[in-house]
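Participant: Below you'll find the structure I mean.
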Amino acid sequence: MTRATGRPAALPTPGYQPPRRLFLDDGQCMVRFFPESGGPPVDYDFAAFPIARELVVWLATAFAGSTAPAGRRRTTSSALSAFGLLRRFA
């Protein structure tokens, strides 16, 4: 068995800070999604969900984790599908 040699992954420059993705201030509850393929970010607003604030924050935090770079939802259509499921649940 041979292993293909690739190139090392590009590392961020020193001092790099990832963009903010979860916004929970001033009554806001929003997750900003950055598609893996590039393209503009998409904002998902959880504030209008008709459930208790604690549950809304929990859902938004879980959604932010699943749409993070290491998460399972990496495309806009996949994130939209997950958000629709959460909205119907709420």
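What follows draws every value from the coordinates through simple rules; no lab data is involved. These numbers were taken from a predicted model, which means no experiment stands behind them. Neighbour counts are summed over all protein chains in view; Cβ atoms, including those assigned to glycine, are modelled from backbone coordinates with ideal geometry.
Participant: Report ³J(HN,Hα) in whole Hz for each residue of the stretch 37-47, in order, from the Karplus equation J = 6.51 cos²θ - 1.76 cosθ + 1.60 where θ = phi - 60°; Gly and Pro get x.
Facilitator: Working through the residues one at a time gives 7, x, x, x, x, 10, 9, 10, 9, 9, 4 Hz.
Participant: Whose amide H sits under 5 Å from the amide H of residue 33, counting only residues 5 or more places off or on another chain, with H placed in the peptide plane?
Facilitator: For residue 33, whose amide H was placed from the backbone, the distant partners under 5 Å are 42, 43, 44.
Participant: Also: Could you rank the peptides 72-79, 8-15 by their average count of other C-beta atoms within 10 Å per residue, with the highest value first?
Facilitator: By packing density, highest mean first, the sequence is 72-79, 8-15.
Participant: Just name one of 18, 35, 4: the one whose Cα is farthest towards the positive end of the charge dipole of the chain (beta-carbon charges, Lys/Arg +1, Asp/Glu -1).
Facilitator: Positive-end residue among those listed: 4.
Participant: Note the listed values (i) 102; (ii) 128; (iii) 150, then indicate which one is volume of the Cα convex hull per residue in Å³ calculated from this particular structure.
Facilitator: Of the labelled values, this structure produces (iii).
Participant: Based on the Cβ-Cβ distance from residue 66 to residue 10, what FRET efficiency comes out when R0 is 35 Å, to the nearest 0.05?
Facilitator: 0.90
Participant: So what are the ³J(HN,Hα) numbers for the stretch 79-86, from phi and the Karplus equation (6.51, -1.76, 1.60; θ = phi - 60°), rounded to whole Hz, Gly and Pro as x?
Facilitator: 5, 5, 4, 5, 5, x, 4, 5
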